[in-house]
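J.: Starting off with a structure, shown below.
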Amino acid sequence: MSETKNQWARDDPAFVVICSLLLAVATLAYCAAYDHSPSHAILVVISVLLFHFLIAGVLLATSCWFLTNSYLREEAPNSHVVEQRVEWLYAFDVHCNSFFPMFVMLYVIHYFMSPLLVAHGFIPVLLSNLLFMVAASYYHYLNFLGYDVLPFLERTTFFLYPIGVVIVLSPILILSGFSPSRYFMNMYFSQRL
């Protein structure tokens, strides 16, 4: 927190730029390995940057910003205390910080494991679901930590609830044979896996 400005968010957008560049490089690596058309590769990079990172981030940050300010703030015990609120930029910072480990798991590690993860069979489905489950759970755990550090918020364990949903859904997806790896690879690339 900046003591002089009473601000929790970063002033510098460098982390967003770095995340965007790393995401673009990782997506280009997928395109080089799985795509046949340079024009389609450009479309994939733009859509991943826009939808996976920016638009999803704006929606998640806005939801968390609204929830924290509407329902999770402690009531001030007296009128002499300065009322504190979660800034939207802080919520987006929390998203970016939570997104980075998920990026490492679902873009970098997944890239090197993708020949195994897109194969047919129980083991690839199991590994694919486990990788996505760990990535989503870790995202929500880091999201929780980002809000739990703010002294004027209470009941921040609310941000851990999606982990329970992920844990309940994972066995169902595994037993149904759904592979998130094959689903996303088929969605973005011209060749069917």
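The values are calculated or read from the model by the stated rules, or taken from the named source; none is laboratory data. Quantities reported herein were computed from a predicted structural model and do not represent experimental measurements. Please note: Cβ atoms are built from the backbone with ideal geometry, for glycine as well, and neighbour counts cover all protein chains shown. The accessibility values were calculated without ligands, DNA or RNA, using every heavy atom of the protein model including side chains. Shrake-Rupley method; radii C 1.70, N 1.55, O 1.52, S 1.80 Å.
J.: Out of all Cα-Cα pairs in the stretch 131-186, roughly what percent, to the nearest whole number, are more than 13 Å apart? List each step's numbers first, then the result.
T.: Numbers: 986 of 1540 pairs.
Percentage above 13 Å: 64.
J.: For A33 and S176, what is the calculated FRET efficiency with R₀ set at 30 Å and r taken between the beta-carbons, to the nearest 0.05?
T.: With a Förster radius of 30 Å, E is 0.65.
J.: With all protein chains present and a 1.4 Å probe, how do F112, F66 order by accessible area, largest first? Write out the running numbers ahead of the final one.
T.: Working: F112 155, F66 105 Å².
Most to least solvent-accessible, the answer reads F112, F66.
J.: Which of the helices in the chain meet the span-like rule: DSSP H, Cα axial reach of 27 Å or more, Kyte-Doolittle mean at least -0.5?
T.: Those that clear 27 Å and a mean of -0.5 are 14-34, 122-148.
J.: Could you check the spin-label model distance between Y71 and I46? Points 7 Å from the Cα along Cα→Cβ, value in nm.
T.: Taking the two extended label points, one gets 3.7 nm.
J.: Counting only C-alpha contacts under 8 Å and six or more residues apart, can you give the relative contact order of the chain as a whole percent?
T.: Normalised by residue count, the contact order of the chain is 24 percent.
J.: Report in % the part of the accessible area of the chain that belongs to carbon and sulfur, leaving out ligands and nucleic acids; probe 1.4 Å.
T.: Its accessible area is 72 percent carbon and sulfur atoms.
J.: With every atom except the alpha carbons ignored, what do you get for Rg and Dmax of the stretch 10-134, in angstroms?
T.: Just the Cα atoms of the stretch 10-134 yield Rg and Dmax of 19.0, 64 Å.
J.: Another one. Can you work out the accessible area per residue across the chain, with the rest of the protein chains kept in place, probe 1.4 Å, in square angstrom?
T.: Details: 10750 Å² over 193 residues.
About 56 Å² of surface per residue is accessible.
J.: Taking the Cα centre as origin and putting +1 on Lys and Arg beta-carbons and -1 on Asp and Glu beta-carbons, what dipole magnitude results for the chain, to the nearest 20 debye? Present the calculation step by step, with values, prior to reporting the outcome.
T.: On the way: 7 positive and 11 negative charges, 134 e Å.
Roughly 640 debye, rounded to the nearest 20.
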